[in-house]
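The values are calculated or read from the model by the stated rules, or taken from the named source; none is laboratory data. From a predicted model like this one, the values you see are computed outputs, not experimental measurements. Cβ coordinates were reconstructed from backbone atoms using ideal geometry, including for glycine residues, and neighbour counts include every protein chain displayed.
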Amino acid sequence: MLAANIVEGYMDSEEAEMRTALRGTGIIVARTGNDLLLNIRSDTLFEPQSLSLSPHGGEIVARLASVVRKYDSTLIAAAGFTDTTGSRPQNLVVSQKRAEAVTRQLAEDGVEQKRLTAKGFADEVLKIPTGANVSDARNRRIEIRIAPMVKT
């Protein structure tokens, strides 16, 4: 847990290390207040039609884990999203299992399980609005929110 007066500097340091660790991967690292938000296209982490991380995806998650292990006063939430192809129930399963694959790998890479959550959203929040049954890789993604644990 972090005291409120040090949160900003702590997250500044984590953001700088995250940007360095993920340089060249195509992953977007954004900052919203004191939270970090990583936007990762699913094809960066997963083979087509797969629920398991690809070897390249495993390497990227290992880079992420190397940073978040050092900054252990944060919570990591992985959210999975799909495009509008497939049925809603099927897309919920796919998005949930992909988010869980990311958090499972983070745990295997040494991040404490109690800091990790995973949730699938299917096509509820499209990055690029499309009609029904549209395959758009930009909507198939994992978003990881890294938020500080603050003492209240």
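Observations
- Lys97 satisfies every condition listed in (1) touching a residue at least 40 places away in the same chain (Cβ under 8 Å); (2) buried (at least 21 other Cβ atoms within 10 Å of the Cβ) except (2).
- The set of residues in the stretch 5-33 that are among the hydrophobic types (A, V, I, L, M, F, W, C), touching a Lys or Arg at 6+ places or on another chain (Cβ under 7 Å) and in a helix (DSSP H, G or I) comprises Ala21, Leu22.
- Scope the stretch 108-138; condition surrounded by 16 or more Cβ atoms within 10 Å (Cβ to Cβ) and assigned to a helix (DSSP H, G or I); matching residues: Arg115
- Verdict on Leu92 being outside any helix (DSSP H, G or I) and either surrounded by 14 or more Cβ atoms within 10 Å (Cβ to Cβ) or touching a helix residue (DSSP H, G or I) at 6+ places or on another chain (Cβ under 6 Å) (or both): no
- From Ala107, Ala122, residue being touching a residue at least 40 places away in the same chain (Cβ under 8 Å) and in contact with a strand residue (DSSP E or B) (Cβ under 8 Å, 6 or more places away or on another chain): Ala122
- Residue match in the stretch 1-22 (condition: within 12 Å of the chain's Cα centre (by Cα) and either modelled with pLDDT under 95 or of a type outside the set (Val, Ile, Thr) (or both)): no
- Search result, residues across the stretch 44-57 that are touching a residue at least 12 places away in the same chain (Cβ under 8 Å) and surrounded by fewer than 16 Cβ atoms within 10 Å (Cβ to Cβ): Leu51, Ser52, His56
Here's the yes/no breakdown for (1) part of a helix (DSSP H, G or I); (2) farther than 19 Å from Ala137 by Cα; (3) basic (Lys, Arg):
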position: Ile40; (1), (2), (3): no, no, no
position: Thr44; (1), (2), (3): yes, no, no
position: Leu51; (1), (2), (3): no, no, no
position: His56; (1), (2), (3): yes, no, no
position: Glu59; (1), (2), (3): yes, yes, no
position: Arg63; (1), (2), (3): yes, yes, yes
position: Ser66; (1), (2), (3): yes, yes, no
position: Arg69; (1), (2), (3): yes, yes, yes
